[in-house]
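Read through the structure below, which is laid out as structure tokens, and then see the notes.
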Amino acid sequence: ARAATPKIIIAGAPASGKGTQCELLKERYGVVHLSTGDILRAAVRDGTPLGAEAKGFMDRGELVPDTVIIGVVKERLAAQDCQEKGWLLDGFPRTKAQAQALESLGVAPSAFVLLNVPDELLVERVVGRRTDPATGKIYHLKYSPPPPEVPEERLVHRSDDTEEKVQVRLRAFHEHCDAVAGCYKDVLVQVDGTAKKEAVFAEIKGAIDAALAKEGEGEATA
Ligand code: AP5
């Protein structure tokens with residue numbers, strides 16, 4: 001039986017490791033990585049109308065309105081690359097309304113991966129996180145330091161990565177998490193996100209491979 005085209009959602013609190021795992025998942029499955037946070041940050045940087053709408057919310061650590069983000073994701077998922085290669089949605093859906101919007105488009109994931117990390121650990125991850133705008137790679141000054149050839153002055157510390165703003169982002173996450181996960185009970189994969197990134201990845205990969213094989217069998221016999 002052939003495995004199905006991967007359609008994966010990855011969810012978890014701010015700094016739970018979604019982006020880090022997506023780098024590995026993208027490599028393994030060849031899917032299109034759609035991070036709504038990255039899309040919005042690029043729009044802010046480029047000064048597009050979407051960026052102008054989103055900026056204030058993002059600076060405060062709040063969610064941007066559902067109406068703003070749903071249209072963006074809808075358009076992106078319909079594009080040919082996502083249809084052919086499959087997709088990995090990172091940071092969407094984040095509210096029940098966003099999950100319902102996906103459902104109404106007939107979009108159903110093969111797996112909904114939820115990374116579990118206690119709040120106390122997330123603050124330290126946020127404060128030490130640095131990203132490399134040249135490569136898009138994510139580092140942590142203590143847990144995943146950049147290699148010597150990457151100059152530290154090139155690295156960026158996100159403006160919403162402060163102790164104060166992560167509290168606002170955590171509140172938004174906890175307010176919506178159960179309602180969103182509840183929409184995906186049949187494909188929910190809960191993963192301990194506190195382990196080393198390679199161990200977290202091994203667990204996610206095992207669950208996704210099993211989900212795709214099962215889906216592929218269903219398609220073959222349908
Ligand atoms: P977004 O960019 O999605 O931010 P987030 O959900 O807060 O997630 P992060 O990017 O902070 O963290 P991550 O889970 O990817 O962790 P990472 O791998 O980097 O959203 C930003 C904003 O955009 C939102 O606040 C909102 O305003 C808006 N937005 C986006 N989507 C939206 C939507 N759908 N609706 C409305 N608004 C939306 O890891 C973090 C750090 O930990 C790194 O330094 C990393 O090196 C380290 N690390 C990772 N894994 C491990 C490990 N296993 N052990 C030790 N350290 C680790």
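The values are calculated or read from the model by the stated rules, or taken from the named source; none is laboratory data. A quick note: this is a predicted structure, and the numbers were derived from the prediction, not measured. In this analysis, Cβ positions are derived from the backbone assuming ideal geometry, glycine residues included, and neighbour counts consider all displayed protein chains.
Every condition in (1) near the ligand (Cβ under 8 Å from one of its atoms); (2) within 24 Å of Gln98 (Cβ to Cβ) is met by Lys185 except one, and the failing one is (1). Residues in segment 80-97 that are within 17 Å of the chain's Cα centre (by Cα) and closer than 18 Å to His33 by Cα: Cys82, Gly86, Trp87, Leu88, Leu89, Asp90, Gly91, Phe92, Pro93, Arg94. Contact map, segment 168-181: first residue loosely packed, with under 12 Cβ neighbours inside 10 Å, second residue assigned to a helix (DSSP H, G or I) and not small (Gly, Ala, Ser), Cβ cut-off under 6 Å, separation 6 or more or different chains; the map is empty. For segment 58-90, a residue qualifies if it is within 13 Å of the ligand (Cβ to nearest atom) and either acidic (Asp, Glu) or outside any helix (DSSP H, G or I) (or both), and the qualifying residues are Asp59, Gly61, Glu62, Leu63, Val64, Pro65, Asp66, Leu88, Leu89, Asp90.
With respect to Asp178, is the statement that it is away from the ligand (no atom under 11 Å from the Cβ), assigned to a helix (DSSP H, G or I) and within 25 Å of Pro65 (Cα to Cα) true? So Asp178 passes the test. Scanning segment 96-131 for residues that are among the hydroxyl-bearing types (Ser, Thr, Tyr), in contact (Cβ under 8 Å) with a residue 12 or more places away in the chain and more than 8 Å from the ligand (Cβ to nearest atom) yields one hit, Ser110.
Each row is one residue, and each column tells you yes or no for (1) closer than 17 Å to Gly37 by Cα; (2) among the aromatic types (Phe, Trp, Tyr).
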site: Glu120; (1), (2): no, no
site: Pro133; (1), (2): yes, no
site: Tyr139; (1), (2): yes, yes
site: Tyr143; (1), (2): no, yes
site: Pro146; (1), (2): no, no
site: Glu153; (1), (2): no, no
site: Val156; (1), (2): yes, no
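Of the residues screened, Val32 is not one that is away from the ligand (no atom under 11 Å from the Cβ), β-branched (Val, Ile, Thr), over 16 Å from the mean Cα position of the chain (by Cα) and under 22 Å from Val189 (Cα atoms). Only one entry in Lys26, Lys18, Lys55 is in contact (Cβ under 8 Å) with a residue 40 or more places away in the chain and more than 8 Å from the ligand (Cβ to nearest atom), namely Lys26. Residues in segment 5-56 that are over 30 Å from Ala220 (Cα atoms), among the β-branched types (Val, Ile, Thr) and buried (at least 17 other Cβ atoms within 10 Å of the Cβ): Thr20, Thr36, Ile39, Val44. Restricting segment 188-222 to residues that are away from the ligand (no atom under 16 Å from the Cβ) and outside any helix (DSSP H, G or I) leaves a set whose member that is nearest to the chain's Cα centre (by Cα) is Leu188. Considering (1) modelled with pLDDT of 95 or more; (2) surrounded by fewer than 19 Cβ atoms within 10 Å (Cβ to Cβ); (3) away from the ligand (no atom under 15 Å from the Cβ), the lone condition that Arg2 does not fulfil carries the number (1). Just one of the listed residues (Arg41, Arg45) is within 15 Å of the chain's Cα centre (by Cα) and over 21 Å from Ala207 (Cα atoms), and it is Arg41.
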